[in-house]
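Asker: Dropping the structure in here first, questions after.
The values are calculated or read from the model by the stated rules, or taken from the named source; none is laboratory data. In this text, all values refer to a predicted model and were calculated from it rather than measured experimentally. Here the Cβ positions follow ideal geometry from the backbone for every residue, glycine too, while neighbour counts run over all protein chains shown.
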Amino acid sequence: MVDFKKMTPEEIVNRKDNYLHKLNELELYIAKCINTNDAGARACASSIYAELKNTIREEAKYLDKIVNDISEMSKEHNAYYHGIIEASAYGFTVKTNARVNQEMLNSVEEAIYKIDKYFE
């Protein structure tokens, strides 16, 4: 796992932006899948959803450990810390093997909101 304490505030913002980019692409992909009956696209959306959910969950677990607390380093570190923790807890509420539907889309939208909310 990355040592967040060694990252500059700009690197933290870039990492957050990278997650947001991936989540926004997933959001568009899920919306497209909802409107089509393409089984392959639905399987791909489920796979991407599961990968992002697991990655963010693992990062939240890593950041939640006391030795990895970055919340006092800079306002960007603090915003990133809380955003990832909340995205893991309140976003991605749909199971990874669930159907690609509006509920999955809503859970991705919630993750996007949580990751970005402390940066505004």
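Let's see how each residue does on (1) in contact with a Gly (Cβ under 9 Å, 6 or more places away or on another chain); (2) within 16 Å of L26 (Cα to Cα):
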{"position": "A50", "(1), (2)": "no, yes"}
{"position": "A60", "(1), (2)": "no, no"}
{"position": "D64", "(1), (2)": "no, no"}
{"position": "D69", "(1), (2)": "no, no"}
{"position": "K75", "(1), (2)": "no, no"}
{"position": "E86", "(1), (2)": "no, no"}
{"position": "V108", "(1), (2)": "yes, yes"}
{"position": "A111", "(1), (2)": "yes, yes"}
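Asker: To continue, here is another question. Which condition breaks for M1 when tested against (1) surrounded by fewer than 16 Cβ atoms within 10 Å (Cβ to Cβ); (2) at pLDDT below 90; (3) touching a helix residue (DSSP H, G or I) at 6+ places or on another chain (Cβ under 7 Å); (4) outside any loop (DSSP other than H, G, I, E, B)?
Answerer: (4)
Asker: Now for a different question. So which of Y49, Y62, Y29 ends up being under 22 Å from E11 (Cβ atoms) and either of a type in the set (F, W, Y) or modelled with pLDDT under 95 (or both)?
Answerer: Y62
Asker: Still on this model: Pull out all pairs, ordered by first then second residue, where Cβ-Cβ is under 7 Å, the residues are six or more apart or on different chains, the first lies in the range 94-120 and is closer than 13 Å to C33 by Cα, and the second is hydroxyl-bearing (S, T, Y) and at pLDDT 95 or above.
Answerer: M104/Y49
Asker: Could you tell me whether any residue of the range 36-46 is surrounded by 13 or more Cβ atoms within 10 Å (Cβ to Cβ), assigned to a helix (DSSP H, G or I) and at pLDDT 90 or above?
Answerer: Checking the range 36-46: at least one residue is surrounded by 13 or more Cβ atoms within 10 Å (Cβ to Cβ), assigned to a helix (DSSP H, G or I) and at pLDDT 90 or above.
Rundown of residues vs (1) of a type in the set (S, T, Y); (2) at pLDDT 95 or above; (3) more than 17 Å from M7 (Cβ to Cβ); (4) out of contact with any Asp or Glu (no Cβ under 8 Å at 6 or more places or on another chain), yes/no style:
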site: R57; (1), (2), (3), (4): no, yes, yes, yes
site: I66; (1), (2), (3), (4): no, no, yes, yes
site: D69; (1), (2), (3), (4): no, no, no, yes
site: K75; (1), (2), (3), (4): no, yes, no, yes
site: A79; (1), (2), (3), (4): no, yes, no, yes
site: I84; (1), (2), (3), (4): no, yes, no, no
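Asker: Name, by its number, the condition in (1) surrounded by 13 or more Cβ atoms within 10 Å (Cβ to Cβ); (2) at negative phi that does not hold for F92.
Answerer: Against the list (1) surrounded by 13 or more Cβ atoms within 10 Å (Cβ to Cβ); (2) at negative phi, F92 comes up short only on (2).
Asker: Also, I was wondering about something else. With the requirement that a residue be part of a helix (DSSP H, G or I) and either surrounded by fewer than 13 Cβ atoms within 10 Å (Cβ to Cβ) or without any contact (Cβ under 8 Å) to a residue 24 or more places away in the chain (or both), what does the range 62-71 give you?
Answerer: Of everything in the range 62-71, those that are part of a helix (DSSP H, G or I) and either surrounded by fewer than 13 Cβ atoms within 10 Å (Cβ to Cβ) or without any contact (Cβ under 8 Å) to a residue 24 or more places away in the chain (or both) turn out to be D64, I66, V67.
Asker: Further question: Among the residues of the range 13-30, write down those that are among the hydrophobic types (A, V, I, L, M, F, W, C) and either surrounded by 16 or more Cβ atoms within 10 Å (Cβ to Cβ) or more than 14 Å from V100 (Cβ to Cβ) (or both).
Answerer: Within the range 13-30, V13, L20, L23, L26, I30 qualify.
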